[in-house]
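Working notes, structure below.
The values are calculated or read from the model by the stated rules, or taken from the named source; none is laboratory data. Not measured: the values here are computed from a predicted model. All Cβ positions, even for glycine, are placed from backbone atoms using ideal geometry, and neighbour counts span all protein chains on display. Just so you know, the surface numbers come from the protein's heavy atoms only, side chains and all, with ligands and any DNA or RNA stripped out. Shrake-Rupley method; radii C 1.70, N 1.55, O 1.52, S 1.80 Å.
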Amino acid sequence: MADDLSDPLYRRELLRLAADANGAGRLASPDATASRHNPACGDRVSVELALSEGRIAALAHVTQACVLTQASAALLAGSAPGRDQAGLAALANQVRAFLKGAPPPEGYEVFDGVTGHAGRHVCVMLPLEAALKALESVKPS
């Protein structure tokens, strides 16, 4: 038996991220929430954010989706804290560019097998889009 899976979409690192499910669940009292759905495959992700001074203090997610979306949500739960709306938008733009051939943002290199599968890019982007939608719903104070 091979040490690593031969399918680039479901490599061991991706499966581990999805299984670890960093940030899975709900926050006690979120400041912002949003959901995104991919009608093509049925993936759904809901993101809850706790905010402090305009920055993400914590991110939780409920993800009913493929391994790629689950892994992306778990990775985002670890990389979102400390980011404001501009920082999260920049990360989303970097991930989008990476999926089209640019260098990956830190941590996202595990998705390098997805770059050649344009139909799966939405799976990786879904949690980022939900988090951006949640931040956009926050009224400036």
Sole exception among (1) farther than 22 Å from VAL110 by Cα; (2) out of contact with any helix residue (DSSP H, G or I) (no Cβ under 7 Å at 6 or more places or on another chain) for VAL62, by number: (1)
Failed item, numbered, when GLN94 is tested on (1) surrounded by 14 or more Cβ atoms within 10 Å (Cβ to Cβ); (2) in contact (Cβ under 8 Å) with a residue 40 or more places away in the chain; (3) within 24 Å of LEU9 (Cα to Cα): (2)
Count of segment 90-128 residues which are within 13 Å of LEU75 (Cβ to Cβ) and not acidic (Asp, Glu): 18
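Do the conditions hold for ARG55, that is, is it under 17 Å from CYS123 (Cβ atoms), modelled with pLDDT of 95 or more and among the basic types (Lys, Arg)? Give the steps one after another, and end with the answer.
Values: under 17 Å from CYS123 (Cβ atoms): no; modelled with pLDDT of 95 or more: yes; among the basic types (Lys, Arg): yes.
Answer is no for this residue.
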Residue list for segment 97-115, filter: in contact (Cβ under 8 Å) with a residue 12 or more places away in the chain and either under 26 Å from LEU49 (Cβ atoms) or open to solvent by less than 70 Å² (accessible area, probe 1.4 Å) (or both): PHE98, LEU99, GLY101, PRO105, GLU106, GLY107, TYR108, VAL110, PHE111, GLY113, VAL114, THR115
Search result, residues across segment 38-61 that are within 16 Å of ALA86 (Cα to Cα) and not hydrophobic (A, V, I, L, M, F, W, C): SER52, GLU53, GLY54, ARG55
Residue count, segment 36-63 (criterion: surrounded by fewer than 16 Cβ atoms within 10 Å (Cβ to Cβ) and among the hydroxyl-bearing types (Ser, Thr, Tyr)): 1
Checklist (1) open to solvent by less than 40 Å² (accessible area, probe 1.4 Å); (2) without any contact (Cβ under 8 Å) to a residue 40 or more places away in the chain; (3) of a type in the set (Val, Ile, Thr) applied to THR69, failing item: (2)
Cβ-Cβ under 9 Å pairs, at least 6 apart or on other chains, segment 20-33 side open to solvent by less than 40 Å² (accessible area, probe 1.4 Å), far side modelled with pLDDT of 95 or more and among the hydroxyl-bearing types (Ser, Thr, Tyr): ALA21/THR63
